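Structure record follows, encoded as structure tokens.
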Amino acid sequence: MPIDAQPFAFGLDFPRAALVIIDMQRDFVEPGGFGETLGNDVSLLQAIVPACAAVLRAWRAAGGVVVHTREAHRPDLSDCPPAKRLRGKPSLRIGDVGPMGRILIAGEPGNQIIDALAPAPGELVIDKPGKGAFYATGLHERLQALGVTQLVFMGVTTEVCVQTSMREANDRGYDALLLEDCTESYFPHFKAAAIEMIRAQGAIVGWTAPSQALLAALPQAAVRA
Ligand code: C5J
């Protein structure tokens with residue numbers, strides 16, 4: 001069914017689509033976490049939580065596949081790309097002890113997905129050591145096994161992990177749709193630029209749409225699935 005999107009309608013094939021929620025983790029979104037400690041205003045990211053929760057509820061009600069990602073590394077950092085350690089802000093780097101445990105280390109309190117979007121039993125939870133959801137995760141193989149060919153993206157941050165994951169998805173043959181009001185950046189002009197880049201040149205990376213456009217189509221999806 002057609003979703004009113006840019007640069008043109010996105011033809012949602014719901015039985016072959018998955019909702020992918022990128023890195024809605026305490027350390028990025030909550031006050032007192034890694035993001036805020038670096039000097040960022042996390043209220044920008046918190047503002048998208050209700051819209052994300054509404055989409056997640058509707059997607060689940062329609063019986064769709066849900067994927068959650070976490071930016072997460074092994075405690076010994078053996079899977080951490082060097083650039084992340086070498087080129088972060090010197091004050092606080094991945095693996096250092098932050099306000100919610102070791103920064104972006106699997107199992108630490110800050111590494112968990114926020115309660116409002118907590119994974120339900122049976123949903124895929126992917127720990128990703130890169131910025132993209134496909135690098136060193138096996139996500140592509142898991143989606144292929146489920147027959148998924150379309151991905152609807154939400155999450156943070158727009159220009160880093162969301163955009164990287166969409167580009168990876170696009171190169172692997174997925175149709176990728178980004179929900180504009182369900183993604184955010186600490187830098188609003190980066191979000192705006194990323195959205196423009198994604199849908200430029202006839203959807204060079206993918207499509208973007210407001211979440212209402214998807215929500216309007218989901219009841220029909222549930223009937224057809
Ligand atoms: C994400 C980051 N999730 N900005 N990470 O975008 O480093």
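The values are calculated or read from the model by the stated rules, or taken from the named source; none is laboratory data. Note that the coordinates shown come from a computational prediction; the quantities given were computed from them, not determined experimentally. When we count neighbours, we look across all protein chains shown, and the Cβ atoms used for this are built from the backbone with ideal geometry, even at glycine. The area values use the complete protein model at the heavy-atom level, side chains included, leaving out ligands, DNA and RNA. Shrake-Rupley method; radii C 1.70, N 1.55, O 1.52, S 1.80 Å.
Simple spin-label estimate for Q144 and H189 gives 4.2 nm between the two label positions (7 Å along the Cα-to-Cβ direction from each Cα).
Ordered by solvent-accessible area of protein heavy atoms (1.4 Å probe), largest first, the residues F153, F187 come out as F187, F153.
Counting only heavy atoms of the protein chains and using a 1.4 Å probe, D4 has close to 120 Å² of accessible surface. Solvent exposure of L56, expressed as accessible area, is near 0 Å², computed with a probe of 1.4 Å over the protein chains only. For the residues A176, A83, A192, a GNM of the chain with alpha-carbon springs under 10 Å puts the largest fluctuation on A83. Counting only alpha carbon atoms, the long axis of helix 49-61 and the longest principal axis of the chain meet at about 50°.
Helix 188-203 and the longest principal axis of the C-alpha atoms of the chain enclose an angle of approximately 40°. Accessible area per residue (1.4 Å probe, heavy atoms of protein chains only) ranks R172, R87 as R87, R172, with the largest value leading.
If you wrap segment 2-217 in the convex hull of its Cα atoms and look at it from every side, the mean projected area works out to 10.9 nm².
Accessible surface of D171, taken over heavy atoms with a 1.4 Å probe and every protein chain present, rounds to 130 Å².
The listed residues T37, T157 rank as T37, T157 when sorted by accessible area, largest first, using a 1.4 Å probe.
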